[in-house]
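Take a look at the following structure, please.
The values are calculated or read from the model by the stated rules, or taken from the named source; none is laboratory data. Just so we're clear, the structure is a prediction, and the values are computed from it rather than from any experiment. Glycine gets a Cβ as well: all are built from the backbone with ideal geometry, and neighbour counts include every protein chain shown. Note: areas computed on protein heavy atoms with side chains; ligands, DNA, RNA excluded. Shrake-Rupley method; radii C 1.70, N 1.55, O 1.52, S 1.80 Å.
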Amino acid sequence: MQDKLRIIISGGGTGGHIFPAVSIANAIRAKYPDADILFVGALGRMEMQRVPDAGYRIIGL
């Protein structure tokens, strides 16, 4: 039995960090469709809107 791939991605504040991070998540998802991908970001910052818009879960710190 193989464990499910679990990934945490952190980065944000500006589009220069968020959009490349989402692109990495998309590449992982393309190769491993069942991967569990979680973003961690700063409450009240751009990533709290953009990451869910891209279809990923995010936890704000």
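When only Cα pairs under 8 Å and 6 or more residues apart are kept, what is the percent relative contact order across the chain?
On the way: 86 pairs, mean separation 22.8, N = 61.
Contact order relative to length: 37 percent.
Rounded to the nearest 500 deg cm²/dmol, what is the calculated helix-only ellipticity per residue at 222 nm for the chain, with -39500 (n - 2.57) per DSSP H run of length n ≥ 4?
Numbers: 2 runs with 24 residues, N = 61.
Estimated from H runs of four or more residues: -12000 deg cm²/dmol.
Further question on the same structure: Rounded to the nearest percent, how much of the accessible area of the chain (1.4 Å probe, protein heavy atoms only) is carbon and sulfur? Intermediate values should be presented prior to the final figure.
Details: 2360 of 4210 Å².
Here it works out to 56 percent.
Let me ask something additional. Can you work out ³J(HN,Hα) from phi for every residue in region 26-43, in order, using Karplus 6.51 cos²θ - 1.76 cosθ + 1.60 and θ = phi - 60°, giving whole Hz and x for Gly and Pro?
4, 5, 5, 4, 5, 7, 10, x, 8, 4, 9, 10, 10, 9, 10, x, 9, 4
What full-extension length gain, to one decimal in nm, is calculated for Asp53 and Ile7 as 0.36 nm per residue of separation minus the Cα-Cα distance? Before the final figure, lay out each step's value.
On the way: separation 46, 0.36 × 46 = 16.56 nm, distance 1.84 nm.
So the chain would gain 14.7 nm between Asp53 and Ile7.
Same structure again: Which value, in Å², gives the accessible area per residue of the chain when a 1.4 Å probe is used on the protein heavy atoms? Numbers along the way, then the final one.
Values: 4210 Å² over 61 residues.
Value returned for the chain: 69 Å² of accessible area per residue.
If you don't mind, another one. To the nearest 20 debye, what charge dipole does region 4-61 have about its Cα centre, counting +1 at the Cβ of each Lys and Arg and -1 at the Cβ of each Asp and Glu? The partial results should precede the final answer.
Details: 7 positive and 4 negative charges, 20 e Å.
So the magnitude is around 100 debye.
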